[in-house]
Amino acid sequence: MRATPNLLHRYANPGQFLRLSRVLLPWLTAGALLFLGAGVAWGLFFAPADWQQGETVRIMYVHVPMAWLASSCYLGLAVCSVLSLVWRHPLADLAAIEIGPVGACAAALCLVTGSLWGEPMWGTWWVWDARLTSVLVLFFLYLGHIALIRAFDEPARGQKAAAVLALAGAVDLPIIKFSVQWWNTLHQPDSITLTGAPTMSLTMLWPLLLTTLGFTLGVAAVIFTRLSAAIHESRTRQLLARSRLDRTDTHAA
Amino acid sequence: MTNLPAHWQYIAASYALTLGCSAFLAISAMLRLRRSKARLAAVEGHSRRRGTAA
């Protein structure tokens, strides 16, 4: 119990986080570009067409990473909410503010690329299927989180309300994951699971893993960059507020 | 043109949207970090000069 807060508090120091970010950012960016370049080229030009879906299967190489990132970012948001509500971790609120829009983008792209796949394959852009609907709910949860943070005059109240919403909304994650098993859905079941062997050919699995890894590293780099910028902006606001206070004191004297 | 795969418009739109949005997010985050660093340096320099003058 003691080790966790100690580790958390070490990175609660913004200076420590900025140092870590400076070291990690070049590696994350280079990894993202490398894996994404390889994965996209492989998926678009070298991976075989599917016997059932034909060439449209290539949409999977961008759709699946977006679905993975939409859920992972929300998990990050929920973890930040716990850190903020329980331990009052100073960076957790800032991290939640920066993760929200990135996760919302991933969820929106997951829905749009899914529709672009669904139209030629299912003959419709949208069905009220359990998997699609639960991802749409996730997108709305992201929008609610973004709106709630800015809904109060006092930022701390907005952050607290948004953290509670993020925690309550985390119940949607297992629903998304197991929707294809719990209900009879039009959406296909998972092709990759932690316990079983993948049900897809290795020639398709490799480009999918590469694009997923590339997008994940890229999103990590974007979140680190946004969080570093937010720390700088917060420090600037503090300095400006202090100088305004000093000026008021000087005038009063 | 005859070599284009079936449903190529859907494939192109998916990749363009995903890569375009990712690039936009990455570039805007980079520019924001650069701007925030420059602003902080300016404010810190200003407050340091004020401190020295006082």
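The values are calculated or read from the model by the stated rules, or taken from the named source; none is laboratory data. Keep in mind the model is a prediction, meaning the values are calculated, not measured. No Cβ is skipped: glycine too gets one built from the backbone with ideal geometry, and neighbour counts run over all protein chains shown. Note: areas computed on protein heavy atoms with side chains; ligands, DNA, RNA excluded. Shrake-Rupley method; radii C 1.70, N 1.55, O 1.52, S 1.80 Å.
Averaged per residue, what accessible surface does chain B expose to a 1.4 Å probe, in Å²?
On the way: 3820 Å² over 54 residues.
Averaged over the residues of chain B, the accessible area is 71 Å².
Between A:V164 and A:T195, what is 0.36 nm times their sequence separation minus the Cα-Cα distance? Round to one decimal in nm.
7.9 nm
Along the charge dipole of the protein assembly as shown, which of A:G114, A:Q188, A:L217 sits closest to the positive end, that is, farthest toward it, with unit charges on the beta carbon of Lys, Arg, Asp and Glu (+1, +1, -1, -1)?
Comparing the listed Cα positions along the dipole, A:L217 ranks first.
Based solely on C-alpha atoms, express the radius of gyration and the Dmax of the stretch A:9-125 in angstrom.
Final numbers for Rg and Dmax: 18.5, 54 Å.
Quote the charge dipole size of the protein assembly as shown about the Cα centre in Debye, to the nearest 20; the model charges only the Cβ of Lys and Arg (+1) and of Asp and Glu (-1). Don't jump to the answer; show the numbers that get you there.
Numbers: 25 positive and 14 negative charges, 364 e Å.
Roughly 1740 debye, rounded to the nearest 20.
Determine, at each q value in 0.21, 0.22 (inverse angstroms), the log₁₀ of I(q)/I(0) that the Debye formula gives when each Cα of the stretch A:94-190 is one equal point scatterer.
Here log10 of I(q) over I(0) equals -1.01, -1.07.
Need one value for B:16-27: mean number of C-beta atoms belonging to other chains within 10 Å of its residues' C-beta atoms.
Details: counts 1, 7, 15, 4, 1, 6, 15, 1, 1, 11, 8, 1.
Mean shielding by partner chains, rounded to a whole number: 6.
What is the pair-distance distribution P(r) of the protein assembly as shown, computed from all Cα-Cα distances in 20 Å bins starting at 0, with each bin given as a whole percent?
28, 52, 17, 3, 0
Which longest run of chain A has no exposed loop site in it, a site being trypsin sites (Lys or Arg not before Pro) in a DSSP loop with at most 13 other beta carbons within 10 Å, and the site itself not part of the run?
Numbers: sites that count: A:R2, A:R88, A:R150.
My reading of the result: A:151-253 is the longest stretch.
Please report the relative contact order for chain A, taking Cα pairs under 8 Å with a sequence separation of at least 6, and give it as a percent rounded to a whole number.
Numbers: 267 pairs, mean separation 78.5, N = 253.
That works out to 31 percent.
May I ask you to derive the relative contact order of the stretch A:54-167, considering only C-alpha pairs under 8 Å and at least 6 residues apart, and to give it as an integer percent?
Values: 121 pairs, mean separation 35.5, N = 114.
Normalised by residue count, the contact order of the stretch A:54-167 is 31 percent.
Measure out, as a whole number of angstrom, how far apart the alpha-carbon centroids of the stretch A:61-85 and the stretch B:19-54 sit.
27
I need the semi-axes of the equivalent ellipsoid of the stretch A:64-117: take the C-alpha gyration tensor, multiply each eigenvalue by 5, square-root it, list largest first in whole angstrom.
Numbers: eigenvalues 143, 16, 7 Å².
Output for the stretch A:64-117: semi-axes of 27, 9, 6 Å.
Can you give the average number of partner chain beta-carbon atoms within 10 Å of each beta-carbon in peptide A:49-61, as a whole number?
Values: counts 2, 0, 0, 0, 1, 3, 7, 7, 1, 8, 7, 1, 4.
For peptide A:49-61, the averaged partner shielding equals 3.
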